[in-house]
Amino acid sequence: MSLASVLVVEDERIIALGIQKRLTSMGYAVAGLAASGAEALERVAALRPDLVLMDIRLEGDMDGIEAAARVRGQFDLPVVYLTANSDPETLRRAKVTEPFGYVLKPYEDRDLQTSLEMALYKHKMERRLRENERWLAATLGSIGDGVIATDEAGRVRFMNALAERLTGWPAAGAVGRPVTEVFPVAAERTREPVPNPAVEALSTGQPAAIAEGTVLIRPDGAALPIDDSAAPICAPDGRVSGAVLVFRDATERRRMEEHLRQAAKMEAVSRLAGGIAHDFNNIMTVIAGFSDLILSDALHPADARAHLLEVKAASERAAGLTRQILAFSRKQTLLTCALSLNTVLHDTAGMVRRLVGAHIEYVTEPDQRLGLVTADPTQLTQVVMNLVLNARDAMPGGGTLTARTALVRVGGGAPVPVPGLPPGEYAVLEMSDTGVGMSDEVRERIFEPFFTTKGPQNSGLGLSTVYGVIKQTGGDVAVESAPGRGATFRVFLPVTASAPEAVVTAGPDRGTETVLVVDDDPGVRRVVTLLLSQKGYAVLDAGSGAEALELLAAANRPIHLLLTDVVMPGMSGGVLAERVRALRPGARVLFVSGYSEDALVERGLAQATATLLAKPFTATSLTRAVREALDRRQ
């Protein structure tokens, strides 16, 4: 790994040489020295350092603040001020240049190093954010729904290609026009105008959708049945700064039954959610992995520990959000086993009581005759928690939450509790509260992604996550509620005849084997390499399938395990695994991926020598998966 290079801008030669010596002792490469603002710009253009350490008062006509502004504007490099000036006017001028740090002389080496490291990290994250923004814009331009974005006045700012085709408006002609002109909607029977959902979202600050039987009137007068929803875009201060309208041709959807229509809505965001999750989980893996490394016994960053714990907590929250998105889109990899809903209730009871608080009584009534179901225990815990949170919010003044389980047989003349539920035995989890209840209109929409009655601070993913998890597991969900009468959710899961899997005691997570790590994200690749090396493994790493095959051909040692990402440019992980097995028949394969909807994943999992580790993963889950993959029988 190359050292971060720093350009020192200081007009006192002796001081500059002293700074150079101290930076070198800290492990940085000093790209050069500059004594004036003009010289600093010349050196930056010629040397392209990673960071500029800038004094404010410099000889010549250009001081450090003006030089810093030009460095930021022309070269997009981070600037850290190292100065003795802290008067209000200097600070005011310095803030305009958006410096990445401000260190006052005299200073401690530790303070300077912390500022430099934070500046380099912040700059790296800013660049990655800009890359992700460009990637997201490209994604929105290619998804299978029409997308229109507006500003706060309801004028069109963006249309993707499908929106152009559906509305009949080219993007060049639509941008800047009112969304009501580009997207005029009317009642199908009367052709009378109906409220535009984008305008409604802008005025109320809440998600909005058109009523059933609404059509889009194209410029040629043709009416297109549509299915759409709109959501406000909120600034950090809560101000509504625009709206996003997502819509599609609903001609085929009109032929479905109401229950199937509801299920189709659950698929609306799945393509976008699955694609975003891949890169998003790469970033989260880097954050979580480096947090584990720094917090390990091998390092002692005492002063930075509190901040690093915050970084790790943020990565875990982001990973939780990704799991929710994948759950309601039903693209999450399941790690299933045979288990009892009674066990889930028992294991979550303490957590639930802490979650609901003392003002809500939590009662469990398990049915001891309950059969076993095949499900992912982590997902079922998530279902319970989301139902509990929904019930808690419905009882702000307190009440009773009752969790029951029951064995129910569907078919044989008995009434069907949920339309379309196949005959058979079902284990039922029933969650009843004594809260405010729901109107019929709210009850019809509670499983829609992003629908919420709790204000913009709520994501609206909780109950849609429940729906996605249960449908993915082969079951269904029903709800009964009325205003003032509380709500009862019933989760139906088919009973399985399988016995619970035996608990496997975790073995040691160290080893001496050689692992070939392949991932196109350099941050993920580096943290995996460091984590495995720390456990004693010999590690080779490559950024692509082609590079991995070159390493394999040059390696004069056995390769015991290929650890590869699934989705990579050029050569996918599945194709790479086949070629590695052909060259090294004894090599095991461990796939890693943040996006599970891929045929290569399923093909890899079907082979005896391959398994899947889902991103984001912790240091513990990584080393355990590597050890299990190596120890698994051929």
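No value in this document is a laboratory result; all are computed from the given coordinates. Computed from a predicted model, the values in this text were never measured in an experiment. Ideal geometry is used to build each Cβ from the backbone, glycine not excepted, and the neighbour counts take in all protein chains shown.
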### Task
Excluding GLU430 itself, calculate the net charge of residues whose Cβ lies under 9 Å from the Cβ of GLU430, where each Lys or Arg counts +1 and each Asp or Glu counts -1.
+1
### Query
Ranked by Cβ crowding within 10 angstrom, fewest neighbours first, how are ILE226, ILE148, ILE217 ordered?
ILE217, ILE226, ILE148
### Message
Just the number: Rg to Rh for the stretch 147-195, Cα atoms, Kirkwood Rh, two decimals.
### Response
1.00
### Query
Label-point separation (nm) for LEU47 and GLU425, each offset 7 Å from Cα along Cα-to-Cβ?
7.7
### Query
Local charge sum around PRO585 (other residues, Cβ-Cβ under 13 Å, Lys/Arg +1, Asp/Glu -1)?
+3
### Query
Using 1/(1 + (r/R0)^6) with R0 = 60 angstrom and r between the beta carbons of VAL175 and SER5, what's the FRET efficiency to the nearest 0.05?
0.90
### Task
With a/c under 1.5 counting as rounded, go ahead and sort the stretch 514-631 into rounded, prolate or oblate using the C-alpha gyration tensor (a ≥ b ≥ c being the square roots of the eigenvalues; past the cut-off, prolate if a/b is larger than b/c, else oblate).
rounded
## Note on the structure
Counting only residues 5 or more apart in sequence or on a different chain, those whose built amide H sits under 5 Å from that of TYR102 are TYR81
### Task
Return an integer: the convex hull volume of the alpha-carbon atoms of the stretch 337-496, in Å³ per residue.
113
### Summary
Taking placed amide H atoms and a strict 5 Å upper bound, the residues 5 or more places from ASP541 or on another chain that come that close are VAL517
#### Entry: For GLY205, residues with placed amide H under 5 Å, excluding near neighbours
none
### Query
With the radius of gyration and the Kirkwood radius both derived from the Cα set of the stretch 146-255, what is their ratio Rg to Rh?
0.96
### Query
Separation between the ARG57 and ARG128 pseudo-spin-labels, each 7 Å from Cα along Cα→Cβ, expressed in nm?
4.0
### Query
How much length, in nm to one decimal, is gained on full extension between ARG510 and ALA349, taken as 0.36 nm per residue of separation minus their Cα-Cα distance?
54.4 nm
## Note on the structure
Simple spin-label estimate for LEU309/SER25, 7 Å along Cα→Cβ, in nm, reads 3.2
### Task
Using 0.36 nm per residue of separation minus the Cα-Cα distance, give me the extension gain between LEU104 and VAL442 in nm, one decimal.
115.9 nm
### Query
Where in the stretch 156-221 are there GluC sites (Glu not before Pro) that are in a DSSP coil and have at most 12 other Cβ atoms within 10 angstrom of their Cβ?
GLU212
